[in-house]
Amino acid sequence: MKKLYVISGSSGVGKGTVIKEFLKKHPEFKLSVSCTTRNKREGEIHGVNYFYLTVEEFDSCIKNDEFLEWAEFSGNRYGTKKDFVKKCLDNGENLILEIDTKGALNVKSLMPEAVLIFIEPPSIKDLETRLRGRHTEDEESIRKRLASIKAEIKNSEKFDYKIMNDTVENAVKSLETIMTAE
Ligand code: 5GP
C-alpha cells in the first residue's frame, strides 16, 4: 500500500536538506507542493517549491473547501490542496508532505493512516544559529519563528516518530529505517 508521510520540524532545523537527500536516493517518493501567501525566496520556483498565491486567491481556495489542511505560520498562510494529495495517492505514489506541526495533526485527524515524523534540532541554540545563518529573514521574522518553536515541540509529542538531525547523513538513515518499517 502506498503511504502518506508527513514530515515536520522547526524552521531552520534543516528538514528541507534531509528530505532533499532522502529523495535523491529514493525517487519512488514524491514531495507534495503546497500553496503559500509568503514571498518567493531567491531561487524558488512557482509550482516547484510552492504555488505562490495572493491572499485573495488563498481565501477563495478556503471558501471552496480545496484544502486538506491549511495553517497560518509566522504571518503567512500555507496549505495543502486536497486534489494534489488525492491524485498522487490514486497514482500509487508514496507522498511526503513537508508541513508545520499543526497542519500535520490536522492531516492525522482526517487521514489516521498518515505517518507523522518530527525532525528535531540537536539544540534550540543550534537552531537559532542556523536560522540566522540563512540570511533570508529580518530580525522580526526570525523572532516570530523562534517563538513558534516551543509550540511545535509540544505538538510533536503526538507524532509517530522523532528524528534527531545531528548530521544530514544520520537523519536520512533514520528516515530510511522508518520508511522500511512502515
Ligand atoms: P517556509 O516559509 O520556511 O518555506 O515554511 C515555513 C513553514 O511552513 C514550515 O514549517 C513548513 O513546513 C510549513 N509549511 C509548508 N507548506 C505547508 C502546508 O501546506 N501546510 C502547513 N500547515 N504548513 C506548511
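Here is how the numbers come out for the structure above:
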{"item": "Single residue of the stretch 8-50 satisfying the filter (aliphatic (A, V, I, L, M) and touching a Phe, Trp or Tyr at 6+ places or on another chain (Cβ under 7 Å)) that is farthest from the ligand (Cβ to nearest atom)", "result": "Leu23"}
{"item": "Hey, Ser148 open to solvent by 10 Å² or more (accessible area, probe 1.4 Å) and either in contact with a Lys or Arg (Cβ under 9 Å, 6 or more places away or on another chain) or within 14 Å of the ligand (Cβ to nearest atom) (or both) or not", "result": "yes"}
{"item": "Members of the stretch 50-82 found to be modelled with pLDDT under 95, open to solvent by 50 Å² or more (accessible area, probe 1.4 Å) and not charged (D, E, K, R), listed by number", "result": "Gly75"}
{"item": "Flag for Phe73 being closer than 22 Å to Glu152 by Cβ, in contact (Cβ under 8 Å) with a residue 60 or more places away in the chain, of a type outside the set (Gly, Ala, Ser) and touching a Leu at 6+ places or on another chain (Cβ under 6 Å)", "result": "no"}
{"item": "Only listed residue being free of Cβ contacts under 8 Å to residues at least 12 places away in the same chain and among the basic types (Lys, Arg), chosen from Lys40, Lys3, Lys24", "result": "Lys24"}
{"item": "Filter result (within 10 Å of the ligand (Cβ to nearest atom), over 21 Å from Ile19 (Cα atoms) and not hydrophobic (A, V, I, L, M, F, W, C)) within the stretch 51-74", "result": "Glu72, Ser74"}
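The values are calculated or read from the model by the stated rules, or taken from the named source; none is laboratory data. The shown structure was predicted, so the numbers you read here are calculated from the model rather than taken from an experiment. Here Cβ is always computed from backbone atoms with ideal geometry, including for glycine, and neighbour counts include all displayed protein chains. Protein only, heavy atoms only, side chains kept; ligands, DNA and RNA dropped before computing areas. Shrake-Rupley method; radii C 1.70, N 1.55, O 1.52, S 1.80 Å.
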